[in-house]
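The values are calculated or read from the model by the stated rules, or taken from the named source; none is laboratory data. Computed from a predicted structure; not experimentally measured. A quick note on method: Cβ atoms are made from the backbone with ideal geometry, for glycine too, and the neighbour counts reach across all protein chains shown. Surface areas here come from the heavy atoms of the whole protein model, side chains and all, with no ligands, DNA or RNA. Shrake-Rupley method; radii C 1.70, N 1.55, O 1.52, S 1.80 Å.
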Amino acid sequence: MQKTWWKESVVYQIYPRSFKDSNGDGIGDIPGIIEKLDYLKELGVDVVWLSPVYESPNDDNGYDISNYQAIMQEFGTMDDWERMIKEMHDRGIKLMMDLVVNHTSDEHAWFVESSKSKDNPYRDYYFWRPGRDGREPNNWVSVFSGSAWLYDEQTDEYFLHLFSKKQPDLNWENPRVRREVYDMMKWWLDKGVDGFRMDVINFISKVPELPNAPGEGRYEWGGQYFMNGPHVHEYLQEMNREVLSKYDMMTVGEMPGVTPEEACRYANLDGRELNMVFQFEHMDLDSGWGGKWDVKPWSLADLKQTMTKWQKGLEGRAWNSLYMNNHDQPRMVSRFGNDKEYRVISAKMLATFLHMMQGTPYIYQGEELGMTNIQLDGIEDYRDVEIHNMYRERVIESGWDHGHVMWTIHVKGRDNARTPIQWDDSPNAGFTTGEPWLAVNPNYREINAKAAVADPDSIYHYYRKLIQLRKSHEIIVYGTYDLIMEDHGQIYAYTRTLGKEKLLVLCNFSGDQAHYAVPGRIAVSEEAELLIGNYDGIIEERPATAPLRPYEARVYRWK
Ligand code: NOJ
């Protein structure tokens, strides 16, 4: 397989609003990021993915952009941004910016123009349609609840917004839209950025007729008409020809509803489109038919099946990204581990589990500290537009039980991931000297970066070690993956193989001791070394026999 830096890298995601506030307004900012670059350098990450820092009215915390070529005032200035990228590059850290071009803000100049009249030159930058029988043009539901259309009196038409009503969808069928996006991308690349994470980029091509979605409900999921739509590969190949191929850069496409077959086109090793995709199948394992708020328990058997499907499905053809949390997902240790008695051990186990697979690992800010979910008492304590829209629709408009809905928010809400980073045990966890925009998790006195850096056994130092191992063992990057012990109820085990070299990765996903026998076909050599493990004390027994302690992870290597 061809070797490239983005396969060998570890990415760290910064959600700027919650990372570090430098001026006491309670909101993280770019000078705050600069303050913490040495911390990231010490951790050993190669690339920072920075969630949006562009000008935005913040209906969806920067994912609603009103000017792609300006910095949000709350975050600082363009000079601050220039200083940040320089300071990153000086430390050998690359910068991947967020590219949000499925939609803009309704306050973007293009949309303001397009709303003025039906014959405005920008009208066709968006999806404007007349109503049908006194209703919306179709029955699509928005990802953030309610109709995906908003009526506009001025021109007596509706516009499409797959997300909030302040995020109108761009019409990629219009070549002028594509040209504007490519020019904007080049402008940032010429300023030195090293890549883009592309927001819901597999939504950009809609079936032109915008047909009704099947179902009898008032609003229904129309994903089949806009996910992986008719021209999406054409557009990405065009973007690749016009922009991506001209730079040494890294790309990852966020793609809800993508299958491994589709991913092999989007992220093919031939390099005609993107480098990798974020898929969601493992993030949907605890969702029922009703979607993310229809919470159900996840199962280890399903996790094995899903991860293996992606590992094998892309092997030798495309490239995986590896993640278990980000700014849209609950905290991984609360969801897949144990955030009480085994918080430290299970966070390390999950890190081992992910970082030993084939693909590029993404660490979401605070993950390296084992930060946990939060339970805020009132709906007014939450900030996320998705949470508020869902609560309004279910509790206020439809009379669902408040307690049940709050429980789903505690388990699945995006604000779980967005509480401020816990830097130390001073007030507000050292995040701000002001009033934080979202509550700080009260567990910051115990869980914080200062304590983690000082403790050689911390989760933070374990991540450092995992990252260093990746730099010294090619097999972790390029080895092939095979699931073993498929039917084991507690352990997720797999091997990696590169030539004669092998890794055996054993992860106990339970709070009980787990016994096992490594299958006979795997000849564990006498010289197997324990590469990394999350418990103190070396296991003297052979890997084939020693039981795993609660949430224990061990990786053996031999030739
Ligand atoms: C995916 C982003 O990650 C999420 O935060 C955002 O709300 C939607 N796309 C809409 O931009």
So for the range 29-39 (the condition being at pLDDT 95 or above and on the phi > 0 side of the Ramachandran plot), does at least one residue qualify?
no
Output the helices (runs of 4 or more DSSP H) that fall wholly within the range 432-528 and possess 3 or more residues being of a type in the set (A, V, I, L, M) and surrounded by fewer than 20 Cβ atoms within 10 Å (Cβ to Cβ), or say none.
449-454
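Results for (1) more than 30 Å from D156 (Cβ to Cβ); (2) surrounded by 20 or more Cβ atoms within 10 Å (Cβ to Cβ); (3) assigned by TED's automatic domain parsing to the domain that holds T432; (4) in contact (Cβ under 8 Å) with a residue 60 or more places away in the chain, shown as yes or no for each residue.
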| residue | (1), (2), (3), (4) |
| --- | --- |
| Y15 | yes, yes, yes, yes |
| E42 | yes, no, yes, yes |
| N61 | yes, yes, yes, yes |
| N67 | no, no, yes, no |
For L50, work out the one condition from (1) touching a Phe, Trp or Tyr at 6+ places or on another chain (Cβ under 8 Å); (2) open to solvent by less than 20 Å² (accessible area, probe 1.4 Å) it doesn't fulfil.
(1)
Looking at K186, is it more than 20 Å from E209 (Cβ to Cβ) and more than 16 Å from the ligand (Cβ to nearest atom)?
yes
Residue ID - surrounded by the fewest Cβ atoms within 10 Å (Cβ to Cβ), chosen from residues in the range 256-295 that are in a loop (DSSP other than H, G, I, E, B) and of a type in the set (D, E, K, R):
D270
Would you point out which residue out of R123, R135, R129 is in contact with a helix residue (DSSP H, G or I) (Cβ under 6 Å, 6 or more places away or on another chain) and open to solvent by 10 Å² or more (accessible area, probe 1.4 Å)?
R123
Note on the range 162-181: residues within 11 Å of the ligand (Cβ to nearest atom) and either hydroxyl-bearing (S, T, Y) or farther than 24 Å from V385 by Cβ (or both) are S164
Under 7 Å by Cβ, and 6 or more places apart or on different chains, what pairs join a residue from the range 194-215 that is of a type in the set (K, R) with one that is more than 16 Å from the ligand (Cβ to nearest atom)?
K206/Y225; K206/G229
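Quick check on N416: is it under 20 Å from Y342 (Cβ atoms), within 16 Å of the ligand (Cβ to nearest atom) and assigned by TED's automatic domain parsing to the domain that holds D339?
Considered against the rule, which asks whether it is under 20 Å from Y342 (Cβ atoms), within 16 Å of the ligand (Cβ to nearest atom) and assigned by TED's automatic domain parsing to the domain that holds D339, N416 comes out as yes.
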Considering only residues that are touching a helix residue (DSSP H, G or I) at 6+ places or on another chain (Cβ under 7 Å), in a loop (DSSP other than H, G, I, E, B) and more than 10 Å from the ligand (Cβ to nearest atom), which ones fall in the range 53-75?
V53
Would the range 223-243 turn up any residue that is away from the ligand (no atom under 16 Å from the Cβ), within 22 Å of the chain's Cα centre (by Cα) and among the hydroxyl-bearing types (S, T, Y)?
no
Just to be sure I understand, how many residues within the range 218-247 are under 30 Å from G134 (Cα atoms), open to solvent by 40 Å² or more (accessible area, probe 1.4 Å) and in a helix (DSSP H, G or I)?
2
Could you tell me how many of the residues in the range 335-367 are small (G, A, S) and surrounded by fewer than 23 Cβ atoms within 10 Å (Cβ to Cβ)?
1
Among the residues of the range 367-416, the number that are among the basic types (K, R), over 23 Å from S346 (Cβ atoms) and in contact with a strand residue (DSSP E or B) (Cβ under 9 Å, 6 or more places away or on another chain) is 1
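Regarding K559, is this residue open to solvent by 40 Å² or more (accessible area, probe 1.4 Å), modelled with pLDDT under 95 and either more than 30 Å from F19 (Cα to Cα) or not polar (S, T, N, Q) (or both)?
Taking the combined requirement at face value, the residue satisfies it.
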Kindly indicate whether I476 is touching a strand residue (DSSP E or B) at 6+ places or on another chain (Cβ under 9 Å), at pLDDT 95 or above and not hydroxyl-bearing (S, T, Y).
yes
Can you tell me how many residues in the range 144-184 are part of a strand (DSSP E or B) and crowded, with 17+ Cβ neighbours inside 10 Å?
9
List the residue pairs whose Cβ atoms are under 7 Å apart, where the first residue sits in the range 409-427 and is assigned to a helix (DSSP H, G or I), the second is among the β-branched types (V, I, T), and the two are 6 or more positions apart or on different chains.
I409/I387; V411/V295; K412/V295; D415/I387; N416/I374
Go through the range 69-107 residue by residue and tally those that are closer than 28 Å to L236 by Cα and either open to solvent by less than 10 Å² (accessible area, probe 1.4 Å) or of a type in the set (A, V, I, L, M) (or both).
17
